1. What Cys residues in the chain have no fellow cysteine's beta-carbon under 4.7 angstrom?
2. Mind checking the angle between helix 58-74 and the chain's longest principal axis? C-alpha axes, 0 to 90 degrees, to the nearest 10.
3. Cross-link partners among aspartates and glutamates for LYS13, C-alpha distance below 19 Å, same-chain residues fewer than 8 apart left out?
4. Using the Kirkwood radius built from alpha carbon pairs, what does the Stokes-Einstein equation give as D for the chain at 37 °C and 0.692 mPa s, in µm² per second?
5. Would you mind calculating the relative contact order of the chain from Cα pairs under 8 angstrom and at least 6 residues apart, reporting the percent as a whole number?
6. State the extension gain, in nm to one decimal, for the chain segment bounded by ALA78 and ASN110, taking 0.36 nm per residue of separation less the distance between their alpha-carbons.
Amino acid sequence: MEGCLFCSIIEGKIPCEKVYEDEMVLAFKDINPEAPIHVLIIPKKHINSINDLEDKHENLIGHIYTVCKKIAAELGIAESGYRVVTNCGANAGQTVYHIHFHLLGGRNLNWPPG
Ligand code: 5GP
Ligand code: ZN
């Protein structure tokens, strides 16, 4: 989508530190990590947020979780533990309106989040 930061990353117009890629998703390191491991997993098709998900996206969203599992194993945090978070809307702190899944690990994560 024109003007979308994450679409620009997918198109290669803005560089990223790629962690994983397939036909459906791209995963890359967050530019401002909140934990020793902080990866963003995004669909290649633009979707604004959870509020815009439709039935046809169910396979994609399920796929993203299996990608999270693979990345966590590859980065060595499968056993120590990690968190997968999607912020939806202003009160959740969503700043980029291209749906994304934060994969956070490598330290003890507080709960509940702020
Ligand atoms: P949100 O606040 O929308 O849930 O998360 C957006 C995330 O995107 C933030 O953690 C922020 O650090 C990250 N981010 C913003 N701009 C860029 C960028 O240009 N490159 C990368 N790799 N991450 C970004
Ligand atoms: Zn986008």
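Each value in this text was obtained by applying a stated rule to the coordinates, not by laboratory testing. Since the model is a prediction, treat every value here as computed from it, not as a measurement. Using ideal geometry, Cβ is built from the backbone for each residue, glycine included, and neighbour counts are taken over all protein chains shown.
1. Within the chain, the cysteines lacking a partner Cβ under 4.7 Å are CYS16, CYS68, CYS88.
2. With rounding to tens, the tilt is 40 degrees.
3. GLU2, GLU21, ASP22, GLU23, ASP30
4. Numbers: Rh = 14.6 Å.
It diffuses with D of about 226 µm²/s by this estimate.
5. Details: 155 pairs, mean separation 33.9, N = 114.
Contact order relative to length: 30 percent.
6. On the way: separation 32, 0.36 × 32 = 11.52 nm, distance 1.75 nm.
Contour length minus Cα-Cα distance gives 9.8 nm.
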